[in-house]
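Right, one structure below, let's go through it.
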Amino acid sequence: MRTLVTLFFLASGAALRAEDSSARQIDFGLKVAQKGLWQEARFRFERATQADPQNAAAQNNLAVALEQMGDFAGARKAYDKALELKPDDAYIQQNYDLFREADDKRNRKNKRKRPQP
Amino acid sequence: MSVSCRLAIAGALAAAGCSSMLEVPVDTPLQSKLDVSGFRRILIAGFVTDLEDSDVDLSAETSRLLQNQLRSNTQLQVLEPDRPPLQTALETALEKIGEGGSYSKDEKDQFRLEADRLLQDPEFWRKMGEEYQQPLIVAGKLDFESQNRSGFQPDERVVRTSTGQPSLVRGSRFLERKGFVLSADFFFIDSKTGELLHKERFSEEVLYAEDQRISPLSSYFELMDRLLPNFLGVLTPQRIRGTRVLLR
């Protein structure tokens, strides 16, 4: 019984530490994103998703950073994951809708044949 | 739920002082439709317009406006011939069709056919290319017309009932409105080969209340102002600007 209780506390402690680490990475990511340092923000949001893969905010923020840096496939994947984790979040859905709108424009342009000069 | 609806909800949440979100600007690249790296010069050759009398000299105004925009928004050297070369060719074609002034329907159709033939004639463009050191050529067709858009529009009013309660009444109301429509077909031609590289059609419309006194020229510039980013997007990379929400 004592072993079970110890294991429970160890497990919840690890989860709390993961959440705490993820939150700290997100906080720092937000600060650098505000300054336009998207490379660093992306790194922080990636760390946040690694620390807590169930954190929808981290996935959303990673998606925004990837979109800003031009990795549209990566951004779509991260938005999908964020919406999977929090399907009713209006902010994530709004980001995703705007991303899709812009991505559709890009794809329409890329589909056109590019002539050889 | 529409994007605008979601934006409204998100805006309302933000206005309510929700500190768990942060709105940030994003700016992503949008490639140009044409790769113009093989060209050093660009020539606005002129535009085919209707033979009707118009308040706006469409071809001249558009050529001048595009030249200015291309000078400030591209690296290409913008050629400025004294007269748009397509105009000279069109006038020659017109002389063969009939006397100046008013034209019959048949003559207008004949002119339109001849203009279309010129626009699609690689030899014509190749010769022009030789004359102007093989630039990228922009030509096309333009149409600008006023339209009467008066008619019944759905209308909603709040009225007080006999008991003083507000009530929504739906109906329709006659609105006198006029509009201007600008349609443009732009042809982007490689003058080395005379081949058409790309063709783009734009159409823009603006409506005014009947009592607004807007000159056709002002309307034309308003519509061109809307159309220009799309025109430039064919030749130069554009940016898609927007905002996204970061979450805590």
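None of the figures in this text is laboratory data; all of them are computed from the coordinates on show. Since this is a predicted model, take the numbers as computed values, not measurements. Virtual Cβ from ideal backbone geometry, glycine too; neighbours counted across all protein chains shown.
Among residues of the range B:190-221 being surrounded by 15 or more Cβ atoms within 10 Å (Cβ to Cβ) and of a type in the set (D, E, K, R), the one that is nearest to B:F47 (Cα to Cα) is B:E200. Of A:D104, A:D88, A:D97, all but one fail to be facing chain B (nearest Cβ under 8 Å), more than 16 Å from A:E46 (Cα to Cα) and among the charged types (D, E, K, R); the exception is A:D97.
Put simply, of B:L94, B:L86, B:L65, B:L142 the only residue that is buried (at least 17 other Cβ atoms within 10 Å of the Cβ), touching a strand residue (DSSP E or B) at 6+ places or on another chain (Cβ under 8 Å) and in a helix (DSSP H, G or I) is B:L86. The single residue among B:Q134, B:Q165, B:Q110, B:Q153 that is of a type in the set (S, T, N, Q) and within 25 Å of B:L66 (Cα to Cα) turns out to be B:Q134.
Does A:A41 qualify as being free of Cβ contacts under 8 Å to residues at least 40 places away in the same chain and within 10 Å of another protein chain (Cβ to nearest Cβ)? Against the criterion (free of Cβ contacts under 8 Å to residues at least 40 places away in the same chain and within 10 Å of another protein chain (Cβ to nearest Cβ)), A:A41 qualifies. On the stretch given as the range B:40-59, residues that are touching a Lys or Arg at 6+ places or on another chain (Cβ under 9 Å) and either surrounded by fewer than 20 Cβ atoms within 10 Å (Cβ to Cβ) or free of Cβ contacts under 8 Å to residues at least 40 places away in the same chain (or both) total 3. Taking first residues from the range B:196-213 that are part of a strand (DSSP E or B) and partners that are basic (K, R), the Cβ contacts under 7 Å between residues at least 6 apart in sequence or on separate chains come to B:H198/B:K33; B:E204/B:R226; B:L207/B:R149; B:L207/B:R177; B:Y208/B:R177; B:Y208/B:K178; B:A209/B:R177.
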